[in-house]
Structures are given as C-alpha cells and as structure tokens.
Amino acid sequence: MGLYNVNQRTAIEFVKNRILGTLTYFSLSDNLGLSLPERVNQHIVTAPFVIDDDGKTLYTHIRKTAPYWDKMEGKVIASFYGPDDYISARAYQDPDAISTWHFMRVDARGRREIIDDKAGILGILARTSDLAESKDNARNPWNIGVPSPGKVDRLSDQIFGLRISLDEGGLTGYFKFDQGETHSGKLSLIEYLTLRGAEYPKTTILRMIQDNLK
C-alpha cells in the first residue's frame with residue numbers, strides 16, 4: 001500500500017539532510033518499592049544529530065536540563081521526520097477512495113555513550129554547526145571558533161554529548177507516498193497537489209510521487 005522500507009544509503013542521506021530529530025531514552029527510578037516496569041521512565045527530547053558516512057554512529061548534544069540525563073539507560077532511539085501531507089479522497093476520481101496521510105520517517109536504534117569532556121563536546125558542536133551551515137550555502141559560514149572562548153566554555157559546561165553506536169542494520173526508514181493507486185490515480189493526485197500550492201511539504205511529497213511514476 002505504498003509504505004516503502006528505504007535502503008541504508010537513502011536513510012543516511014535523509015538523516016544528514018534533516019539534522020534535527022527526537023531522542024527517546026529511558027531511566028530507572030531508584031524507588032525499589034516499585035515493580036521493574038513501574039521504575040522505567042521514558043523521556044523524549046529534541047536535538048540535532050550528525051551521522052558518520054557509513055551510517056554506523058550518530059552524535060548529538062543535549063542540555064543538562066534534560067530529565068535524568070545522567071541516569072540514561074544504554075539503549076536509545078533517534079527518530080527523524082520528513083515532510084508529511086494530508087491527502088484528501090477528493091484527490092482521486094474514484095468514489096471509493098479513502099483519505100490518507102503521506103510521510104517520511106527514519107529511526108535509529110543503538111547504544112549510547114555519554115561524552116562529558118570539553119574536547120569531545122566541542123568536537124560534536126563543530127561537526128553539527130558545520131553540517132547545518134553547509135545547508136545555507138553561505139559565503140562565510142559560521143563556525144564554533146567565532147564566539148569568544150569564554151562563551152564557548154560556558155556553553156560546553158551546560159550540555160553533554162552522546163555517541164550512539166547503531167544496532168546491526170543501522171537505520172530503519174519508512175516512506176509512504178501512495179496507496180497502491182493506478183497510474184491514472186497517481187496523475188489525479190499530482191494534479192491535486194499541484195493545484196493546492198507550492199508549500200515545502202507538498203512540493204516534496206509531489207516530487208516523490210512523480211519519481212515513483214518513472
């Protein structure tokens with residue numbers, strides 16, 4: 001029904017382009033009076049990520065205000081969301097058509113290592129800012145060496161880094177951009193999205209559908 005498991009190279013490029021994702025992690029309460037399931041707490045934070053070219057390791061940095069960051073269990077999940085768009089049944093010429101939602105998502109599961117030394121944190125900050133600045137195509141991109149050393153030192157004291165070694169298989173990606181429509185149904189959908197406007201999510205979903213026609 002149009003839900004595609006994407007290959008590792010596509011997933012890696014998706015993460016590189018998105019940068020911002022959510023980190024889901026778990027901590028264990030010290031209250032021994034609770035059952036084990038009751039002691040497990042789930043936390044979700046938003047953070048920027050960089051990924052190695054081979055797709056085996058993710059890096060991120062998070063403020064130390066994140067709940068129970070120093071009690072983070074070993075296994076974590078990073079999720080990256082691309083554009084999504086509601087597709088009304090009105091897009092099709094079929095009276096039996098049903099409305100749906102198209103989306104793009106990549107998940108990464110792995111084991112974390114907390115990085116709390118200044119050099120390691122600054123290294124992650126540098127990689128993150130360099131990647132993000134490269135998306136701006138700026139003539140004079142900003143880098144972590146621009147602020148005064150004192151400002152950078154204060155910042156590094158307020159955050160911690162994570163190195164996430166991904167599980168076998170690395171990334172799992174799910175892209176959905178059709179419902180198994182006929183060729184004419186896809187053409188109707190393309191016309192529908194084109195008429196709705198040129199906002200970013202619609203143009204991306206539209207391009208995916210067009211590519212799928214080739």
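No lab work stands behind these numbers, since they all come straight from the coordinates. As the structure is a prediction and not an experimental result, all values here were calculated from the model. Please note: Cβ atoms are built from the backbone with ideal geometry, for glycine as well, and neighbour counts cover all protein chains shown.
For the chain, relative contact order (Cα pairs under 8 Å, six or more residues apart, normalised by length) works out to 28 percent.
For the stretch 126-198, GluC sites (Glu not before Pro) meeting the loop criterion (DSSP other than H, G, I, E, B) and having at most 11 other Cβ atoms within 10 Å: none. The order of Met104, Met208, going from fewest to most other C-beta atoms within 10 Å of their C-beta, is Met208, Met104. When you filter the trypsin sites (Lys or Arg not before Pro) in the stretch 74-156 for DSSP loop state and at most 12 other Cβ atoms inside 10 Å of their Cβ, you are left with Lys135, Arg139.
Among His102, His43, the ranking by other beta carbons within 10 Å of each residue's beta carbon, starting with the fewest, stands as His43, His102. Ignoring lysines fewer than eight residues from Lys135 along the same chain, the ones with Cα atoms less than 16 angstrom from its Cα are Lys16.
Treating the angle as unsigned and between 0 and 90°, give the value, to the nearest 10°, between the Cα long axis of helix 183-196 and the longest Cα principal axis of the chain. Approximately 70 degrees, to the nearest ten.
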